[in-house]
Structure formats: structure tokens, C-alpha cells
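The values are calculated or read from the model by the stated rules, or taken from the named source; none is laboratory data. All values derive from a computational prediction rather than experimental measurement. Using ideal geometry, Cβ is built from the backbone for each residue, glycine included, and neighbour counts are taken over all protein chains shown. SASA here: full protein model, heavy atoms, side chains in, ligands and nucleic acids out. Shrake-Rupley method; radii C 1.70, N 1.55, O 1.52, S 1.80 Å.
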2 protein chains.
Amino acid sequence: MSDMRAKMEDITNKLKSNNIRLSHQRLKVLEYLDHNRIHPTVEQIYEGLHDEIPTLSKTTIYNTLNALTESGLVKVLTIEDNETRYDIRTDAHGHFKCTACGEIYDFEVNMDSLEIQGLNGFRVYSRDMYFSGICPKCMEQE
Amino acid sequence: MSDMRAKMEDITNKLKSNNIRLSHQRLKVLEYLDHNRIHPTVEQIYEGLHDEIPTLSKTTIYNTLNALTESGLVKVLTIEDNETRYDIRTDAHGHFKCTACGEIYDFEVNMDSLEIQGLNGFRVYSRDMYFSGICPKCMEQE
DNA sequence: ATACAAACTTGTAATGATTACAACTTAATT
DNA sequence: AATTAAGTTGTAATCATTACAAGTTTGTAT
């Protein structure tokens with residue numbers, strides 16, 4: 001179990017500094033992201049919360065995710081076009097997508113170990129790594 | 001100037017093995033990608049070729065790019081949602097997008113230098129790296 | 001507590017990229 | 001030259017996302 005008190009404090013602080021209110025709907029979206037670490041799409045979030053909040057609108061989910069992204073509380077994953085995904089993990093890590101089952105796995109990366117050339121004089125703010133292939137589970141089933 | 005003869009031979013071979021014909025339109029799309037190394041969108045390709053081939057349809061460009069992607073002759077870049085881009089460079093390299101001017105730069109990467117954890121037992125087929133920040137040109141103008 | 005203003009939610013409509021489809025055209029093969 | 005598979009094109013359909021406007025909630029100042 002994670003330390004919810006510290007987490008909530010962090011959340012409210014980040015939101016306050018961006019003049020964003022933590023409404024009931026937004027709290028539920030954050031809760032969904034925290035409990036379902038599957039890098040969900042808007043559709044998945046919508047389906048997941050629909051039973052609990054039948055009036056919840058997709059527009060609100062989009063609005064919420066955009067607000068949370070601007071506040072730095074969630075990260076956008078653009079692994080493939082046509083399926084924007086959202087990640088509540090905001091520290092540096094990589095993503096692997098299995099082309100067989102579609103699942104997205106996290107992996108740990110030492111970004112500083114990477115040997116690169118051609119970015120002298122560039123100011124780098126974000127570094128994203130997307131791998132793809134076959135996950136162990138799907139390799140077994142072949 | 002690149003060795004066009006060898007390149008064309010490589011192209012026709014790859015297409016033949018996939019039962020894909022190298023039509024006039026497809027040749028022009030390839031030529032555009034070769035001469036305009038800007039990781040263009042479909043819209044940019046369409047605009048760029050419209051004067052020369054007024055009858056060219058966007059559907060053909062989509063069809064062509066999908067066929068070339070399946071044959072491995074071009075790579076799809078999904079840096080941000082809502083702007084699929086195409087790259088004629090198919091060797092391993094990274095992409096940097098300047099958030100100020102929007103330009104996408106290539107950079108060289110030694111993929112094997114990367115220290116990662118959590119992918120034991122995974123079969124990795126592709127490794128994409130997307131960086132973003134400010135390019136030197138835009139830093140000057142501040 | 002009350003009132004006000006700013007922020008939020010929601011449903012519907014608009015947008016924009018991509019794909020589906022069907023009729024017609026082109027190209028490779030016998 | 002005939003046949004057949006593949007390609008092209010314009011239009012319509014699809015789907016994710018955003019725009020918008022009306023009503024609702026929340027925080028703050030009085």
C-alpha cells in the first residue's frame with residue numbers, strides 16, 4: 001500500500017499551483033489510474049468508472065487528463081497513433097508494447113547510460129523510449 | 001549524391017517480395033521522402049506533390065505509405081498523437097522534436113549502450129527513442 | 001451564513017485524420 | 001493481345017478529440 005497521505009498532499013499542491021480544482025470526478029480518474037496500472041486509454045477509463053459514476057462524461061475525462069498532464073501529475077504515452085494512453089508514473093522509465101497481446105509493460109532505464117551523438121547544443125526536456133516485440137507470456141503460447 | 005541504382009534495386013526487390021508494384025505514384029512518394037528529410041506528414045507529402053501530380057489522391061498516399069511500411073521501406077514516427085510522420089531512414093536512430101519550432105531532428109544512438117532492467121525474457125523487435133526540448137536555433141532567438 | 005465569480009461538468013455538435021468502398025485504370029504475365 | 005491481379009481515385013463512413021454553451025459546483029470575500 002502506498003502512502004496515500006503524502007501522495008494526496010503532493011497532488012493538491014501541484015493542482016493548486018496551476019489553479020486546478022480537485023473535483024470528485026478528477027479524484028476518481030486519478031484513483032482509477034493509481035489502481036489500474038495498465039496505461040489506459042480514455043475509453044478504458046470511461047468504461048472502468050461508468051458503473052460507479054453513471055453520469056461521467058468523456059469530455060470530463062479528456063478535460064481532466066489534459067489538466068493533470070499540464071500539472072505534471074500524469075504523462076501521455078503515444079506509442080502508436082490512434083491510441084493515446086495515460087500513465088500515472090511520472091519518473092523516467094521505458095515502455096514495451098507486446099505486438100501479440102497489446103499489453104504495455106514498464107521497464108527501468110538508466111537514461112544517462114545512453115551514448116548519443118548529434119544533440120550538442122540542444123536542451124533536452126524529455127526522453128521517451130518505446131520498445132516493442134513479444135512478451136514472455138505470448139512467447140509461451142506459440 | 002546517393003547511389004540511386006543500388007537504392008532502386010533494393011527498393012524493387014523489397015517490393016517484389018511483398019507483391020507490391022512500384023507505380024508512378026509510389027515512386028513519387030518515395031522520391032519526395034528521399035529529397036525532403038523532414039519526417040513529413042501525409043498532408044505535407046500531399047502538398048509537396050500536388051503541383052507535379054494534380055490528380056494524386058490522399059487515399060493513394062495513405063495506401064502507399066502503408067504498403068511501404070509493411071515492406072520495411074519506411075518507418076512510422078508517432079512522436080505525438082494526431083500527427084503521424086514517415087521516415088525513409090530505416091536504420092536505428094533517435095528523434096528529437098523541438099517544442100518551439102516543431103522541427104524533428106535525427107540523432108545517432110548506440111542502442112546497445114543502454115542499461116535497462118525488466119525485459120528479461122522479452123523478445124525486442126524495435127526500439128524507438130523520442131526526445132523533446134529546444135533546438136539550438138530556437139534557443140538563440142530567446 | 002450569503003453572494004459572487006471562477007472553475008467544472010455535461011451533452012451535443014464540429015473537426016480532422018484515417019479507412020472503407022466501389023468504379024475505373026494500369027501493369028505484369030501467358 | 002488477352003487476362004487478371006494490383007493500383008488509383010473520389011466519396012462516404014468512422015473514430016478520437018475538441019469546441020461550445022448551459023447549467024452546476026466550489027472557494028473566497030463580505
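If you check A:101, A:138 for being over 25 Å from residue B:105 (Cβ atoms) and part of a loop (DSSP other than H, G, I, E, B), only one passes: A:101. For residue A:117, the conditions (1) farther than 30 Å from residue A:13 by Cα; (2) polar (S, T, N, Q); (3) open to solvent by less than 70 Å² (accessible area, probe 1.4 Å) are fulfilled apart from (3).
Here residue A:20 fulfils each of the conditions (1) open to solvent by 70 Å² or more (accessible area, probe 1.4 Å); (2) within 11 Å of DNA strand C (Cβ to nearest atom) apart from (1). Only residues that are open to solvent by less than 40 Å² (accessible area, probe 1.4 Å) and of a type in the set (D, E, K, R) were counted across segment A:27-43, and they come to 2. Restricting segment B:75-88 to residues that are part of a loop (DSSP other than H, G, I, E, B), within 14 Å of chain A (Cβ to nearest Cβ) and open to solvent by less than 70 Å² (accessible area, probe 1.4 Å), which is nearest to DNA strand C (Cβ to nearest atom)? For segment B:75-88, the residue satisfying everything is B:84. Of all residues in segment B:89-108, those satisfying the criterion of being open to solvent by less than 30 Å² (accessible area, probe 1.4 Å), of a type outside the set (Gly, Ala, Ser) and at the interface with another protein chain (Cβ under 7 Å from one of its Cβ atoms) are B:96, B:107. When segment B:120-142 is filtered for residues that are open to solvent by 50 Å² or more (accessible area, probe 1.4 Å) and more than 8 Å from chain A (Cβ to nearest Cβ), the ones remaining, listed by number, are B:120, B:137, B:140, B:141, B:142. Using the structure shown, decide if residue B:33 is within 14 Å of chain A (Cβ to nearest Cβ) and either away from DNA strand C (no atom under 12 Å from the Cβ) or modelled with pLDDT of 95 or more (or both). Considered against the rule, which asks whether it is within 14 Å of chain A (Cβ to nearest Cβ) and either away from DNA strand C (no atom under 12 Å from the Cβ) or modelled with pLDDT of 95 or more (or both), residue B:33 comes out as no.
In segment B:45-65, the count of residues that are part of a helix (DSSP H, G or I), within 14 Å of chain A (Cβ to nearest Cβ) and closer than 30 Å to residue B:112 by Cα is one or more. Within segment B:120-137, one or more residues are among the small types (Gly, Ala, Ser) and touching a Ser or Thr at 6+ places or on another chain (Cβ under 6 Å). For residue A:15, the conditions (1) at pLDDT 95 or above; (2) within 15 Å of DNA strand C (Cβ to nearest atom) all hold with the exception of (1). For residue A:111, the conditions (1) open to solvent by 80 Å² or more (accessible area, probe 1.4 Å); (2) at pLDDT below 95 are fulfilled apart from (1). Remark: pairs (first residue in segment A:14-40, farther than 21 Å from residue A:59 by Cβ and of a type in the set (Val, Ile, Thr); second residue part of a loop (DSSP other than H, G, I, E, B) and more than 8 Å from DNA strand C (Cβ to nearest atom); Cβ separation under 8 Å; 6+ apart in sequence or on different chains) = A:38/A:103.
Might you check whether a residue that is open to solvent by less than 50 Å² (accessible area, probe 1.4 Å), away from DNA strand C (no atom under 14 Å from the Cβ) and touching a strand residue (DSSP E or B) at 6+ places or on another chain (Cβ under 9 Å) occurs anywhere in segment A:58-74? Yes, that holds for at least one residue.
Does residue B:105 satisfy the condition of being in contact with a strand residue (DSSP E or B) (Cβ under 8 Å, 6 or more places away or on another chain) and in contact (Cβ under 8 Å) with a residue 40 or more places away in the chain? Spelling it out, it is not the case that residue B:105 is in contact with a strand residue (DSSP E or B) (Cβ under 8 Å, 6 or more places away or on another chain) and in contact (Cβ under 8 Å) with a residue 40 or more places away in the chain.
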